[in-house]
1. Any residue in the stretch 17-25 that is exposed (fewer than 14 other Cβ atoms within 10 Å of the Cβ), touching a Lys or Arg at 6+ places or on another chain (Cβ under 7 Å) and assigned to a strand (DSSP E or B)?
2. Looking at the stretch 35-51, which of the residues that are assigned to a helix (DSSP H, G or I) and of a type in the set (Asp, Glu) is nearest to residue 11 (Cα to Cα)?
3. Just to verify a result, which residue in the stretch 155-194, among those that are under 19 Å from residue 139 (Cβ atoms) and assigned to a loop (DSSP other than H, G, I, E, B), is most open to solvent (accessible area, probe 1.4 Å)?
4. If residue 104 passes every condition in (1) in contact (Cβ under 8 Å) with a residue 40 or more places away in the chain; (2) assigned to a strand (DSSP E or B); (3) over 25 Å from residue 49 (Cα atoms) but one, which one does it miss?
5. Can you run down the residue pairs with Cβ atoms below 9 Å, 6 or more apart or on separate chains, where the first is in the stretch 68-86 and touching a residue at least 40 places away in the same chain (Cβ under 8 Å) and on the phi > 0 side of the Ramachandran plot and the partner is of a type outside the set (Ser, Thr, Tyr) and surrounded by fewer than 17 Cβ atoms within 10 Å (Cβ to Cβ)?
6. Have a look at 177, 149 and point out the one that is of a type in the set (Phe, Trp, Tyr) and either under 18 Å from residue 192 (Cβ atoms) or in contact with a Gly (Cβ under 8 Å, 6 or more places away or on another chain) (or both).
Amino acid sequence: MGSSAGGYPIPARPVRVTEVIQRSRFLTVLAHAPDAEAAHHFVQSLRDEHPDATHHCWAFVAGPPGSTAAVGMSDDGEPHGTAGRPMLTTLLHSGVGEIAAVSVRWYGGTKLGTGGLSRAYSGGVKAALAELEVESKIERARVEIVVGYAHVDALQRLLDAMDGVQVEERYGGEVRYVVDLPELRFAAFERALADLTQGAGRLRRV
């Protein structure tokens, strides 16, 4: 588990697990999904990668762990409630947020029954979760910073040191940056900017 600077666990990178259950092959893939759009894009990428599969079932929790504010699921042609729902339930109880799961199935000729399907789909997600590496989501504050040209180089070094992510920059009489800063470092950054610019730099949340 990576740094835990005030956040919750999210997938650090995608993970894939393959299982064969009564001649059907199941490929379960987990990935980071910060929002529903990212989750749907991930699902489509697996459809494109495996167009020959019988089913592409999926579920996602696009928010904090256990939150049902932005969730989705699909049985993709499997009997109702045998794929998407057990996958989603497993994700909701995983303690991991912003996560999507796709289970790609190649039918092997043996029917698993509704109970067998539910166990296969939830089991695939559990197996993938066991191998998932997580990192902590860092809550960020979006800020606007305005400084004179003389302070640009020092500001860039400060942003690097504070893990600031630059969103945009504009040059005029002064230089204006929009930056995503770790929320926990906002106060320290504010003090450092004042020291760096002798109080001339301006900082505000946007």
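The values are calculated or read from the model by the stated rules, or taken from the named source; none is laboratory data. Note that the structure is a prediction, hence the values are computed from the model and not measured. We place every Cβ from the backbone using ideal geometry, glycine too, and count neighbours over all the protein chains shown. All accessible areas refer to the heavy atoms of the entire protein, side chains included, with ligands and DNA or RNA removed. Shrake-Rupley method; radii C 1.70, N 1.55, O 1.52, S 1.80 Å.
1. Step one: filter the stretch 17-25 for residues exposed (fewer than 14 other Cβ atoms within 10 Å of the Cβ), giving 18, 20, 22-23.
Filter again for touching a Lys or Arg at 6+ places or on another chain (Cβ under 7 Å), leaving 18.
Filter again for assigned to a strand (DSSP E or B), leaving 18.
Yes: one or more hits.
2. As a first pass, look at the stretch 35-51 and keep what is assigned to a helix (DSSP H, G or I): 36-49.
If we keep only those that are of a type in the set (Asp, Glu) as well, we get 37, 48-49.
Values: 37: 17, 48: 22, 49: 21 Å.
Residue satisfying both the conditions and the ranking: 37.
3. 163
4. With (1) in contact (Cβ under 8 Å) with a residue 40 or more places away in the chain; (2) assigned to a strand (DSSP E or B); (3) over 25 Å from residue 49 (Cα atoms) applied to residue 104, the lone miss is (3).
5. From residues that are touching a residue at least 40 places away in the same chain (Cβ under 8 Å) and on the phi > 0 side of the Ramachandran plot, there are no pairs.
6. On the way: 149 fails: either under 18 Å from residue 192 (Cβ atoms) or in contact with a Gly (Cβ under 8 Å, 6 or more places away or on another chain) (or both).
Exactly one residue qualifies, and that residue is 177.
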